[in-house]
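What follows is one structure encoded as structure tokens, with my remarks underneath.
The values are calculated or read from the model by the stated rules, or taken from the named source; none is laboratory data. Keep in mind it's a predicted model, so treat the numbers as computed, not measured. No Cβ is skipped: glycine too gets one built from the backbone with ideal geometry, and neighbour counts run over all protein chains shown. Side chains are part of the model used for accessible areas, which takes the heavy atoms of the whole protein and leaves out ligands, DNA and RNA. Shrake-Rupley method; radii C 1.70, N 1.55, O 1.52, S 1.80 Å.
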Amino acid sequence: MKSIIARMSEMKAGLSQDENGEFLDASKVETALKSVGVALRDSQGQFRDLDIVIGELGAKWDSLDSATARYLATTIAGNRQQSRFLALMENYGRYTEI
């Protein structure tokens, strides 16, 4: 989870690569989230808090097909963290309990 948060923070800071050397593209993340009705930026064009974005995505996660879920996971978390992101989202209810 720490790596996923770091990746999103690096994207907000305008960096072009994450800590693993994977390229960051905020427009791709924004497009992916928008495809399921979640906004990455607020009305002023500023990045929204990650916990809010993940919360909104978590609320919709169970309604997504597996292809969309994998597309979102890879786009948001990157190839190396995709499985962890999928685990987080698939267990989002438990995450919110803790």
Tell me whether region 26-34 contains one or more residues that are open to solvent by less than 60 Å² (accessible area, probe 1.4 Å) and acidic (Asp, Glu). yes
Taking only region 51-76 into account, find how many residues are buried (at least 17 other Cβ atoms within 10 Å of the Cβ) and among the hydrophobic types (A, V, I, L, M, F, W, C). 8
Which pairs do you get when a residue that is more than 15 Å from Ile4 (Cα to Cα), found in region 46-57, comes within reach of a residue that is assigned to a helix (DSSP H, G or I) and modelled with pLDDT under 90, reach meaning Cβ atoms under 7 angstrom, with the pair 6+ apart or on two chains? Phe47/Lys12
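Taking region 77-98 on its own, how many of its residues are open to solvent by 70 Å² or more (accessible area, probe 1.4 Å) and assigned to a helix (DSSP H, G or I)?
Going residue by residue through region 77-98, those that are open to solvent by 70 Å² or more (accessible area, probe 1.4 Å) are 79-80, 83-84, 90-91, 94-98.
Filter once more, so that each one left must be assigned to a helix (DSSP H, G or I): 83-84, 90, 94-97.
Residues meeting the conditions: 7.
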In region 38-52, how many residues are in contact with a Lys or Arg (Cβ under 8 Å, 6 or more places away or on another chain) and in a loop (DSSP other than H, G, I, E, B)? 5
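So that you can scan it fast, the table gives a plain yes or no per residue for (1) closer than 17 Å to Ile4 by Cα; (2) within 10 Å of the chain's Cα centre (by Cα):
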residue	(1), (2)
Val29	yes, yes
Val36	no, no
Ala73	yes, yes
Ala77	yes, yes
Arg84	yes, no
Leu88	yes, no
